[in-house]
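Engineer: Handing you a structure now.
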Amino acid sequence: SNSDGLWNEAGISLSLRIIPPFWRTWWFYSLAFLVFIGIVYGSVRYRLDQAKRSQRELERLVAQRTEELRLANGKLQLLATTDELTGLANYRKFRDFLEYEWRRARRTKRPVSLIICDLDNFKFFNDTYGHQAGDECLKKVALEMIRCCQRSSDLACRYGGDEFAVVLPETDAAGTYVVAERIREAIERLELSDLGLKKTKGGSNSSGENGGHGAGTGPGQPFLTACLGLATMSPAEGGDTNELVARADEALYRAKSSGKNRSLL
């Protein structure tokens, strides 16, 4: 209206269009939302990948430590069952292996044989040439015993001191005697030449009993020889490993009593 109070008959209008800034547009909101979702998704994927990498690294470390423990346990087991000087199986391994083969032979109804070997005059040799020479001698005897046990199933052991033992699964008395003679002859042939030591001692030759061979220790004979006691039993017929060992010990005692350098059944 004007100052006189008269109103206009037709209204006048003015249209205004206010353009918002881009950060207040719908497409900016949509883009910001998508960026936010992408950041969240990327963060989650990064954390998951990091967790997987950590898990793989942990699994690798666990596998590595497990393998190291397995190898360490294997070494400990080997040390626990191996004679440090000769590298042969020790007495503990000998008993375990003999018990195992005895139980197996009981099921298969096959014989088990045992050879116990004792070096002749080793104490004199050890006292004469020293413990180092004695140790070298035992190493060479052990090597010959390994060579004479041609089957992978046979086990050569250091029974104790200068005594050795050989367990022969599925071997009869005749086969055991062949192996024993092979060992005895191999030790006789050593003559300690590799050590640069050779000693002879006078004595008379004598023949073994039950097929035993006696080489004696006369002039020209190697000083260091061996006596071997042999025993064969069939577990299916009764008895135990102690009886087998006792029989081999008895045969060794008879061999030592009747002379030197011989194998007796």
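The values are calculated or read from the model by the stated rules, or taken from the named source; none is laboratory data. What you see is a predicted model, and the numbers here were worked out from it, not measured in a lab. All Cβ positions, even for glycine, are placed from backbone atoms using ideal geometry, and neighbour counts span all protein chains on display. The accessibility values were calculated without ligands, DNA or RNA, using every heavy atom of the protein model including side chains. Shrake-Rupley method; radii C 1.70, N 1.55, O 1.52, S 1.80 Å.
Engineer: Read through the list (1) part of a helix (DSSP H, G or I); (2) surrounded by 10 or more Cβ atoms within 10 Å (Cβ to Cβ), then give the number of the only condition that W27 fails.
Structural biologist: Failing condition for W27: (2).
Engineer: Hey, among the residues in the stretch 140-176 that are assigned to a helix (DSSP H, G or I) and of a type in the set (D, E, K, R), which one's farthest from P235 (Cα to Cα)?
Structural biologist: This residue is K140.
Engineer: In the list A173, A133, A142, which residue meets the criterion of being open to solvent by less than 30 Å² (accessible area, probe 1.4 Å) and over 22 Å from the mean Cα position of the chain (by Cα)?
Structural biologist: A133
Engineer: Can you say whether R70 is surrounded by fewer than 11 Cβ atoms within 10 Å (Cβ to Cβ) and either assigned to a loop (DSSP other than H, G, I, E, B) or charged (D, E, K, R) (or both), as far as the supplied structure shows?
Structural biologist: Considered against the rule, which asks whether it is surrounded by fewer than 11 Cβ atoms within 10 Å (Cβ to Cβ) and either assigned to a loop (DSSP other than H, G, I, E, B) or charged (D, E, K, R) (or both), R70 comes out as yes.
Engineer: Could you please let me know if W7 is assigned to a loop (DSSP other than H, G, I, E, B), out of contact with any helix residue (DSSP H, G or I) (no Cβ under 9 Å at 6 or more places or on another chain) and among the hydrophobic types (A, V, I, L, M, F, W, C)? Write out each step before concluding.
Structural biologist: Details: assigned to a loop (DSSP other than H, G, I, E, B): yes; out of contact with any helix residue (DSSP H, G or I) (no Cβ under 9 Å at 6 or more places or on another chain): yes; among the hydrophobic types (A, V, I, L, M, F, W, C): yes.
Spelling it out, W7 is indeed assigned to a loop (DSSP other than H, G, I, E, B), out of contact with any helix residue (DSSP H, G or I) (no Cβ under 9 Å at 6 or more places or on another chain) and among the hydrophobic types (A, V, I, L, M, F, W, C).
Engineer: Taking the criterion of being assigned to a helix (DSSP H, G or I), open to solvent by less than 50 Å² (accessible area, probe 1.4 Å) and not hydrophobic (A, V, I, L, M, F, W, C), would at least one residue in the stretch 105-124 satisfy it?
Structural biologist: Keep residues of the stretch 105-124 that are assigned to a helix (DSSP H, G or I), which gives 105-108, 122-124.
Subset that is open to solvent by less than 50 Å² (accessible area, probe 1.4 Å): 105, 122.
Now narrow it down to the ones that are not hydrophobic (A, V, I, L, M, F, W, C): none.
No.
Engineer: Please name all residue pairs, on different chains or six or more residues apart, with Cβ atoms under 7 Å, provided the first residue is in the stretch 125-139 and is part of a helix (DSSP H, G or I) and the second residue is at pLDDT below 85 and among the polar types (S, T, N, Q).
Structural biologist: G134/N126
Engineer: Next question. Return the only residue of E101, E84 being within 22 Å of Y159 (Cα to Cα) and part of a loop (DSSP other than H, G, I, E, B).
Structural biologist: Of E101, E84, the one residue that is within 22 Å of Y159 (Cα to Cα) and part of a loop (DSSP other than H, G, I, E, B) is E84.
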